[in-house]
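To keep things clear, I will list the structure first and then write my remarks on it.
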Amino acid sequence: MRFPTYKHETQKHLQGFLNVAGCDEVGIAPLAGPVVAATVILDSESIGKQRSKSKWWYRVRDSKTTNEEERAELVLFIKDHCVDFAVGIVGRETIDEINIHQAAMLAMKKSVDGLKHTPDFIFLDGIHKLTKLPISQQAVVNGDEKILSISAASIVAKVARDKILAELHEIYPEYGFVKHKGYPTKFHREALLRFGVTPEHRTSFGLVQLCLKRMQSFRNFEKLLLAVPA
């Protein structure tokens, strides 16, 4: 397990950038629900020079390596020790309209636009920068494992998206969204086959399209069966 550091942000501070942000998204792979991004500007005075168990950020890391209980605690620490943070959400309809990659980039831009303090520099997880954004940027592969601000953003985004999926679970309890968060687990795939596609499922995704075709075939068969004279 890798733990991120604050050295990348510190280097940018030394270069004259004051508000250095980290940005990350969650929810690219799920079959249902929105894609969510967050941007976080950490308070450099609260960081200190070295990681230690006495530091608030000691356990902050890529959200994929944390459990739900730990994230619930860490997100409070992050929000209490940042200059600013914001969340960007892009729903299922837009995902199906513009594709998941463009939707993820849009969610990231929305999270940047939502900040009260405009960052001077942004570290982004991945290989793509945000276009038409007049802010210095650097895309970093596996940035959520290396850069503290990106790790913090990944946790904020994950907690925000999990809350949305928990709300969807209340509407569609038979699909188990609160457990798998829309990812294509065996339980989720079986629920799709049994109960069909909900308005929250991404119809541009292959597995959902297969399910829709199966449902249509069943309806066509049902029509033929009912049309047979008694």
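Treat the count of other C-beta atoms within 10 Å as a stand-in for reagent exposure and order LYS163, LYS53 from fewest to most.
Details: LYS163 10, LYS53 6.
With the fewest neighbours first, LYS163, LYS53 line up as LYS53, LYS163.
From most to least packed by mean Cβ count within 10 Å, the peptides 148-160, 171-183, 13-25 give 148-160, 13-25, 171-183. With the highest mean first, a sort of the peptides 102-112, 35-45, 132-142 on other beta-carbon atoms found within 10 angstrom per residue produces 35-45, 102-112, 132-142. Between helix 148-171 and the chain, what is the angle of the helix's C-alpha long axis to the longest principal axis, kept within 0 to 90° and rounded to the nearest 10? It is inclined by approximately 30 degrees. The charge dipole of the chain, taken about the Cα centre with unit charges on the Cβ atoms of Lys, Arg (+1) and Asp, Glu (-1), comes to about 540 debye, rounded to the nearest 20. Considering the chain at the alpha-carbon level, its Rg and Dmax are found to be 20.7, 84 Å.
The modelled label-to-label distance between PHE195 and ASP43, using points 7 Å beyond Cα along the C-beta direction, is 4.3 nm.
Between LYS53 and GLU97, what is 0.36 nm times their sequence separation minus the Cα-Cα distance? Round to one decimal in nm. If you can, show how the numbers build up before the last one.
Numbers: separation 44, 0.36 × 44 = 15.84 nm, distance 4.57 nm.
Full extension from LYS53 to GLU97 adds 11.3 nm.
Here the range 142-166 and the range 72-118 have alpha carbon centers that stand 9 Å from each other.
Taken about its Cα centre, the range 1-111 carries a charge dipole of roughly 560 debye when the Cβ of each Lys and Arg holds +1 and the Cβ of each Asp and Glu holds -1. Couplings for the range 134-142, taken from phi via the Karplus curve 6.51 cos²θ - 1.76 cosθ + 1.60 with θ = phi - 60°, read x, 10, 4, 9, 9, 8, 10, 5, 6 Hz in order; Gly and Pro are left as x.
In the chain, helices alone account for a calculated mean residue ellipticity at 222 nm of -14000 deg cm²/dmol, with every DSSP H run of four or more residues adding -39,500 (n - 2.57).
So what is the relative contact order for the chain, in percent, with contacts set as C-alpha pairs under 8 Å and at least six apart? Intermediate results must be reported in sequence, preceding the final value.
Values: 415 pairs, mean separation 65.0, N = 230.
Computed over the chain, the figure is 28 percent.
A short reminder: the numbers here are calculations on the coordinates, not readings from a lab. Everything numeric here is computed off the predicted structure, so don't read it as measured data. A quick note on method: Cβ atoms are made from the backbone with ideal geometry, for glycine too, and the neighbour counts reach across all protein chains shown.
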